[in-house]
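The values are calculated or read from the model by the stated rules, or taken from the named source; none is laboratory data. The shown structure was predicted, so the numbers you read here are calculated from the model rather than taken from an experiment. Reconstructed Cβ throughout: ideal geometry from the backbone, glycine too, with neighbour counts over all protein chains shown. For accessibility, only protein heavy atoms count, side chains too; no ligands or nucleic acids. Shrake-Rupley method; radii C 1.70, N 1.55, O 1.52, S 1.80 Å.
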Amino acid sequence: MAEWGVKGYVFRNWAETFACAPELYFTPKTKEDVRQILEQAKREGKTVRVTGNGYSPSDICCTDGYLIDMRRMDSIIHVDKSKCQVTVEAGMQITKLNMLLENEGMALSVLGAVSEVTIGGAISTGYHGTGANYGILSSYIVDLELLTASGEVMPLSHAQNEDIFKAAILSLGALGIILTVTLQCEPAFKLEKHDFPLTLDDVLENLETHVSSSEHFRFAWVPYTGHVLASHQSRTNKPISVKASWFWDTAVGYHLLEFLLWLR
């Protein structure tokens, strides 16, 4: 097993606020690969951590033992269009899942601000979107498979091992390694979005009104000012009128903003 565990690898989280040098770094492709890594770790007395894209803003993935990167386990296992459910490997990124679901006429009910995260990492860390009537992504999990330190693959759901299931869908990786996940989706839908500037005081003073006036409300504070960019989104049957713009959404809305904040 050690022959495909990489020595000398340095892990850094996405924000580059934390880094570590695990003794061995693994990129398994199958459940059996992961099981063999855990067996070796047990024999050698090593600790194991699991990572995806490293978006967690903490050192939760850091270790001087074994680090398992799940991103190569990103296959779609089953699509049940009658139930609007999809089963995927836990290393699949939400960006890829969104494209697969679009082809099936389905969609996730909630999305967070970042989609370049793995399914396993997202549900383990409380990934969420907006909307008072919508739960976090973990609340849409139908079932999952969990590989424990003993090498046992546990099927978990509300009907099977329910107590462990409830713990596993926001476990920070403490219970084992999530291998596969079945998600409850819904038919694909469109959102109508309205963005506008407000003051922070206005948003806070009228927060309940904002939250209840659309399906999804959020606001982004402009650092060092009293201003925010507010956003309301609700489902609609209207035809799409504005297409995404890489220039405005990414070049200006992301990279230029980060550069300006860096100048501050």
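Structural remarks
- Inspection of the range 62-75 identifies no residue that is on the phi > 0 side of the Ramachandran plot, touching a residue at least 40 places away in the same chain (Cβ under 8 Å) and in contact with a strand residue (DSSP E or B) (Cβ under 7 Å, 6 or more places away or on another chain).
- Within the range 99-117, the set of residues being open to solvent by 10 Å² or more (accessible area, probe 1.4 Å) and under 16 Å from residue 138 (Cα atoms) comprises 107, 108, 109, 111, 112, 113, 114, 115, 117.
- Residue among 144, 108 that is farther than 28 Å from residue 211 by Cα and of a type outside the set (Ser, Thr, Tyr): 144
This table checks each residue for (1) of a type in the set (A, V, I, L, M); (2) open to solvent by less than 70 Å² (accessible area, probe 1.4 Å); (3) farther than 22 Å from residue 109 by Cβ; (4) at pLDDT below 85.
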site	(1), (2), (3), (4)
229	yes, no, yes, no
232	no, yes, no, no
247	no, no, yes, yes
257	yes, no, yes, yes
261	yes, no, yes, yes
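- Flag for residue 203 being touching a Phe, Trp or Tyr at 6+ places or on another chain (Cβ under 7 Å), open to solvent by less than 30 Å² (accessible area, probe 1.4 Å) and β-branched (Val, Ile, Thr): yes
- Restricting attention to the range 70-92, the residues that are in a strand (DSSP E or B), farther than 29 Å from residue 18 by Cβ and hydrophobic (A, V, I, L, M, F, W, C) total 4.
- Matching residues, the range 121-149, being in a loop (DSSP other than H, G, I, E, B) and either more than 15 Å from the chain's Cα centre (by Cα) or among the hydrophobic types (A, V, I, L, M, F, W, C) (or both): 131, 132, 133, 134, 136, 148, 149
- Selection status of residue 137, farther than 30 Å from residue 212 by Cα and open to solvent by less than 70 Å² (accessible area, probe 1.4 Å): no
- Scanning the range 59-89 for residues that are β-branched (Val, Ile, Thr) and over 26 Å from residue 26 (Cβ atoms) yields 79, 86.
- Flag: residue 132 does not match the condition of being closer than 28 Å to residue 41 by Cα and not polar (S, T, N, Q).
- Test: residue in the range 93-103 that is in a strand (DSSP E or B) and touching a residue at least 60 places away in the same chain (Cβ under 8 Å): no
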